[in-house]
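Here the structure comes first, spelled out in structure tokens, and everything after it is commentary.
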Amino acid sequence: MTIKEPRELSQDDKLYAFKRATNGFSQSEGRWRERAERGLTDEELKAALEYELGIYGGSGGPGDMSLTFQAAGLKIWADWNTVVPDRDCKPIFQGTATIRMAREVYGIKDPTDTQMALL
């Protein structure tokens, strides 16, 4: 049996996990494009993320990270070394951090943000 060295999540790993968690349903890319075109408030983006994350899901397997996500709390867990979530593994994204990441990854502006409207 080969024992692997522990592997930390890189920023690229976290981006991969976020995209996998938020693009699991059919035609999600088109929905994210439409949302970016019209912009979403934080509440609208929260609802969109809850829809895309679903009640509870995940994936994993040989050579891939363990990934788990849930709509409640907008939580996403990922880890190379253990099956997530376990009691020692904290979410890599949760709540407002998940909303901020969605804005960054999918280019979704907040139409109520007066500062952004000036740019």
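Just give me the residues in the range 12-26 being of a type in the set (Ser, Thr, Tyr) and either buried (at least 16 other Cβ atoms within 10 Å of the Cβ) or touching a residue at least 24 places away in the same chain (Cβ under 8 Å) (or both), in sequence order.
The answer is TYR16, THR22.
Starting from the range 84-103, take each residue that is farther than 23 Å from GLY61 by Cα and in contact (Cβ under 8 Å) with a residue 12 or more places away in the chain and list its partners that are in a loop (DSSP other than H, G, I, E, B) and not β-branched (Val, Ile, Thr), counting only C-beta distances under 8 angstrom and pairs at least six apart or across chains.
Filtered contacts from the range 84-103: ARG103/LYS109; ARG103/ASP110.
Quick check on the range 83-106. Is at least one of its residues of a type in the set (Gly, Ala, Ser) and touching a Gly at 6+ places or on another chain (Cβ under 9 Å)?
So far as the range 83-106 goes, yes, one or more of its residues are of a type in the set (Gly, Ala, Ser) and touching a Gly at 6+ places or on another chain (Cβ under 9 Å).
Would it be correct to say that ALA47 is surrounded by 15 or more Cβ atoms within 10 Å (Cβ to Cβ), more than 18 Å from GLN11 (Cβ to Cβ) and either among the hydrophobic types (A, V, I, L, M, F, W, C) or touching a Leu at 6+ places or on another chain (Cβ under 8 Å) (or both)?
no
Out of all the residues in the range 54-82, which are hydrophobic (A, V, I, L, M, F, W, C) and more than 20 Å from GLN11 (Cα to Cα)?
If the condition is that a residue be hydrophobic (A, V, I, L, M, F, W, C) and more than 20 Å from GLN11 (Cα to Cα), then ILE55, ALA71, ALA72 are the ones that fit.
Please verify whether the range 20-28 includes one or more residues that are within 13 Å of the chain's Cα centre (by Cα) and of a type in the set (D, E, K, R).
For the range 20-28, residues within 13 Å of the chain's Cα centre (by Cα) and of a type in the set (D, E, K, R): present.
Would you mind finding the one in ALA117, ALA72 that is hydrophobic (A, V, I, L, M, F, W, C), modelled with pLDDT of 95 or more and more than 26 Å from PRO6 (Cα to Cα)?
That would be ALA72, the only listed residue that is hydrophobic (A, V, I, L, M, F, W, C), modelled with pLDDT of 95 or more and more than 26 Å from PRO6 (Cα to Cα).
Out of everything in the range 77-107 that is assigned to a helix (DSSP H, G or I) and of a type in the set (A, V, I, L, M), what residue ends up being surrounded by the most Cβ atoms within 10 Å (Cβ to Cβ)?
Applying the filter and picking the extreme gives ALA102.
Those residues that are part of a helix (DSSP H, G or I), hydrophobic (A, V, I, L, M, F, W, C), under 22 Å from ASN81 (Cβ atoms) and touching a strand residue (DSSP E or B) at 6+ places or on another chain (Cβ under 7 Å), I need them from the range 1-59; list them, please.
Matches in the range 1-59: ALA17, PHE18, ALA21.
Which of the residues that make up the range 60-76 are over 12 Å from the mean Cα position of the chain (by Cα) and part of a loop (DSSP other than H, G, I, E, B)?
Residues satisfying the conditions are PRO62, GLY63.
Those residues that are surrounded by 18 or more Cβ atoms within 10 Å (Cβ to Cβ) and modelled with pLDDT under 95, I need them from the range 50-66; list them, please.
GLY58, MET65, SER66, listed by residue number.
The values are calculated or read from the model by the stated rules, or taken from the named source; none is laboratory data. What you see is a predicted model, and the numbers here were worked out from it, not measured in a lab. With ideal geometry, Cβ positions are generated from the backbone for all residues, glycine too; neighbour counts draw on all protein chains shown.
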